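The values are calculated or read from the model by the stated rules, or taken from the named source; none is laboratory data. What you see is a predicted model, and the numbers here were worked out from it, not measured in a lab. Here Cβ is always computed from backbone atoms with ideal geometry, including for glycine, and neighbour counts include all displayed protein chains. Ligands, DNA and RNA are stripped out before the accessible areas are found, and what is left, the full protein with its side chains, is counted by its heavy atoms. Shrake-Rupley method; radii C 1.70, N 1.55, O 1.52, S 1.80 Å.
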Amino acid sequence: MLYRTLGGTGIEVSAHCLGTMMFGSVGNPDHADSVRVIHAALDAGINFVDTADMYSAGESETILGKALKGRRDDVVLATKVHFPMGEGPNRGGNSRRWIVQEVEESLRRLGTDRIDLYQVHRPDHTTDIEETLSALTDLVRAGKIRAFGCSTFPAEEIVESHVAAERRGLGRFRTEQPPYSVLARGIERSVLPVCRRYGMGVLTWSPLASGFLTGRYRKGGAIDLSTGRAALTPHRFDPEAPLTAAKLEVVEQLVAVADSIGTTLPALAVAFPLAHPAVTSVIIGPRTMEQLEGLVKGASLTLDDETLDRIDAIVAPGTDVYPPDGAWTPPSLTDVALRRRPVGERAAA
């Protein structure tokens, strides 16, 4: 396993990061089996593990805490905060109140006294960015966390955060965690260039595009909408839907590329993000030992320029075949009042 420096932190992390979203009730509910998968990843040379408080309502962090007993010092541990944890107000978001409270819960579930990388899971327009950065800076000074970053932030908000940090003398986001795959290349336009400009580490998620790049879903084949991810969001997997049809069309072309270089579609998909100079580590999120072994087996795959050119011809750089599942949508698009003037103010004369 190759290692790269995480931004300017001096922390060396593996080019593959183990994502743990699939450990717990949402994916693999067997704690002992999940621990075995985590240990196998560590034994394969992966030293970077990413989780979040909201994965299976905290269960993922608890499983990871069990797995890291006796091995904590060998692992760069990352988790996230933002999404609601329980009912009622003030149990989510990016406020100082919630961050300071929830980091203690994550530390308890993980069974550790520090988090190496604490990430803000999504933007929060109800909280000033200075408020968030101030709370995170204080946690670094208190020794609770070593560094902090953001996840799925648009380029303009990453820039805003750095401006605010410099203006207020606060710590800055050292990493960004965006969705990135052959089917979702939109971050190549501005997010990745901005991260390079500010020297940020980048750990990307969903290289398999919510399963579409596993080879499980093929054009003309039956798609079971009653199980797995398809059951959770059937509209995203309906073969009659235009976006799904577009994804399946691209998959067929990518399968041909993978076959021509003697590899598998999943191996091709995971190798693709690592070819970008702004990407530090690619998050792989296996649910089973078999899935982990398949992903690790393809870790040595190098995509040459000819292969990358063929991929560019199928999906142009900086374009999305579909909006990445789970990506953040700004209120300027979702709130009608922010994009439509009152009726009486819409005319020019």
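How large is the Kirkwood hydrodynamic radius of the stretch 179-235, counting all unique pairs of alpha carbons, in Å? Please list the in-between numbers first.
Working: mean 1/r = 0.0745 Å⁻¹.
So the Kirkwood estimate lands at 13.4 Å.
What percentages, rounded to whole numbers, describe P(r) for the chain computed over all alpha carbon pairs with 20 Å bin width beginning at zero?
Percent of Cα pairs in each bin: 29, 59, 12, 0.
Which whole-number value in Å² is the accessible area per residue of the stretch 1-343, probe 1.4 Å?
Numbers: 15240 Å² over 343 residues.
Result: 44 Å² per residue.
How large, in Å, is the stretch 67-137 by the Kirkwood hydrodynamic radius built from its alpha-carbon pairs?
On the way: mean 1/r = 0.0771 Å⁻¹.
Evaluated over the stretch 67-137, this radius sits at 13.0 Å.
With a 1.4 Å probe and every protein chain kept in, tell me what percent of the accessible surface of the chain is carbon plus sulfur. Mind showing how you got there, number by number?
On the way: 8100 of 15890 Å².
Roughly 51 percent, rounded to a whole number.
Explain nothing, just the number: dipole magnitude of the chain about its Cα centre with +1 on each Lys and Arg Cβ and -1 on each Asp and Glu Cβ, in debye rounded to the nearest 20. Could the numbers behind the result be given before it?
Details: 38 positive and 44 negative charges, 119 e Å.
With only Lys, Arg, Asp and Glu charged at Cβ, the dipole is about 580 debye.
Normalise the Cα radius of gyration of the stretch 165-321 by 2.2 N^0.38 Å (N = residues in it) and let me know the number. Show your work: numbers first, answer last.
Details: Rg = 16.7 Å, N = 157, 2.2 N^0.38 = 15.0 Å.
Compared with the compact-globule rule of thumb, the stretch 165-321 sits at 1.11.
Given Pro324, Phe23, Tyr118, which one lies farthest toward the positive end of the charge dipole of the chain, if we put +1 on the Cβ of every Lys and Arg and -1 on the Cβ of every Asp and Glu?
Tyr118
Specify the inter-centroid distance of the stretch 320-349 and the stretch 196-266, based on alpha-carbon positions, in whole Å.
28 Å
Roughly how many nanometres apart are two label points built 7 Å out from the Cα toward the Cβ at Asp312 and Asp113?
Distance between label points: 5.1 nm.
Using +1 on the beta carbon of Lys and Arg, -1 on that of Asp and Glu, and nothing else charged, what's the dipole of the stretch 27-186 about the Cα centre, debye to 20? Working shown, then result.
On the way: 21 positive and 25 negative charges, 71 e Å.
For the stretch 27-186, the charge dipole is close to 340 debye.
What are the aspartates and glutamates whose alpha-carbon lies under 15 Å from the alpha-carbon of Lys297, with same-chain residues fewer than 8 places away excluded?
The qualifying aspartates and glutamates are Asp43.
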